[in-house]
Each structure stands twice: as structure tokens, then as C-alpha cells.
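So the structure is just underneath, and the comments pick up after that.
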Amino acid sequence: MKEVSALDVPVVDLVDGSGVVAALSTVGFVAVLEHGVPEVDLSAMRQLLVDLFAVDEATKAHQAITRKNYRGFIPLRFFTPNRDSGAGDGTAPADAFEGYKLHWECPPGHPVSDECDLYGPNQWPNYPTRMPKVVASWWAAMEGFVDRLLDALADGMGLDRFVLAEAMETPLTNTTLLHYPARRPDDPVSGFHPHKDITVVTVLDPNPVGGLEVRTRDGRWVEAGCPEGALLVNVGDVLEVWSGGRLISTPHRVAITGGAERYS
């Protein structure tokens, strides 16, 4: 029987930059209260996810991601660990989620769009028709929060905030909208396999279903608890480099049991 203990991740605000850095240096995750993202944006996005993944499968297939355009629907159980390095040959079980991928909306004609295929316009589904408006408002609110977070991190680590800002002028900021359909309690497949993020930071709106597990420094898997109203933030690989290893990008996974349905 798998035993996973609970972990209440450190809770911080953004007033004291050194406090944010100290909290993130423990397990690489923090819960941020008073984050400033309006509840109306968070609620609108949560409802959007429910409606988005309720569309028919033919529509999802028509607007699915491709290698040339990593935007759109991600089919259910599409990804396996290390898909392109040999483990995705059918021997590793596929993750039990479907998704929708969005990237920074690169302005038309912007010169950076020639750099790689990850720059460009998003693929907006035909339904829900409100999706572009909801995402735009939510995205702007999240970017404002991350700007404040980077201010606190730069202050806490003695980094030049203007250097960090320069690195974000044409960002590869992206979001994955996720749906973990209900399944049999005895299904052994994980919701999302253990992985680290390649980001500067990742921001998560916690789901009351739970299931997010973090690997501690001593190798134990613990479920990440978060107080109501907080946003979860975790360190990505880029921030680990920027911090000189003071902050560590932490492996995490989603393990759902009991047939629960989950959106993230």
C-alpha cells in the first residue's frame, strides 16, 4: 500500500523578499496569500476549464496540438515519461490527463516569431466563445502577480531586477489547462508522471480534489497542502540556475485515487 504523508507548504506574502526566498529554499514550493489576482478571474478560469473539456471529441481532435504548433488540445493519455528518449515506446503508461496548451500571445509580425515555433498566435477553440476574453484577463492578472513575485525574489537574493526584466521581454510564458477525468479507483496510472518544471517559476491555482505530491529533499513523496485562497508557486530549472542553486527545482507529480475528477 502506498503511503504518502501530508505537507503544509510554507505560506508567505510578498512584502518580505528574504522571507519568500527562505521559504522556497525548503522544498521549492510556497503558498502565496494576498497575491492580488482577482477572485473573479480565478473563478472564470475554473468554470472555463469545465466547459472547455466538455466539448465533443471530434472538435478536440480537429484543434489538437502539432509539432509545428504546440497550442491547442492535448489528447487524453497522450504523454508518457520521456516520450522522445525511448521510454515512450509503449512500455511506460501514459498520463491520465487531457489538456489545452496556451502560450504568450506573440504580436503579429514580431521579429522574435522567427526564432522558434513556440512563438506565435494561440489556437482558440470555437467553443467556449468567451475563452479568449477570459484567458486574456486571467493572464494579465497572473503576469502582474509574477512581476511582484520576481521583485520579491530579486530583492531577497540581491539580484538586479532589471536584468531579470530584460530576460522577460519576449517570454516563453505558457499555461497548460488540465483535466483529469474520473477513472476506476484501481487504475494504476498516475495523473501526471514525476517531473520538474523548466520554467523560472510555475504558478498553480490549487484544486480542492488534491493529488499534487512533492518529493522532499530526503526522497519522500508528500501531498502539498495549501490554505484556501492561496496560489501555489514552485521553483523551475531556470530559477535554480539564476539563484546559483540556492533554490532547487523540485520533482512533483499528480496522483489521483478514488475515481475523482480534477481540473487544474
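The values are calculated or read from the model by the stated rules, or taken from the named source; none is laboratory data. If you're wondering where the values come from, they're calculated on a predicted model, not measured in any experiment. Cβ atoms come from the backbone with ideal geometry, glycine included; neighbour counts cover every protein chain shown. Ligands, DNA and RNA are stripped out before the accessible areas are found, and what is left, the full protein with its side chains, is counted by its heavy atoms. Shrake-Rupley method; radii C 1.70, N 1.55, O 1.52, S 1.80 Å.
Per-structure values
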read-out	value
Where labels lie 7 Å past Cα in the beta-carbon direction, separation of Ala22 and Asn174 in nm	3.6
Compactness of the stretch 136-264 as Cα Rg over 2.2 N^0.38 Å, two decimals	1.16
Residues with amide H under 5 Å from that of Gly225, placed H, sequence gap 5 or more	Leu7, Asp8, Val9
Fraction of accessible area attributable to carbon and sulfur, the chain (%, probe 1.4 Å)	56
Residue-normalised accessible area of the stretch 158-219, given per residue in Å² at a 1.4 Å probe	55
Pairs of Lys in the chain closer than 27 Å at Cα, counting only those 8 or more apart or on different chains	9
Mean ellipticity per residue at 222 nm, deg cm²/dmol - from DSSP H runs of n ≥ 4 across the chain, formula -39500 (n - 2.57)	-8500 deg cm²/dmol
The chain: relative contact order in percent, alpha carbon pairs under 8 Å with at least 6 residues between	27
Projected area averaged over orientations for the chain, convex hull of C-alpha atoms, nm²	14.8
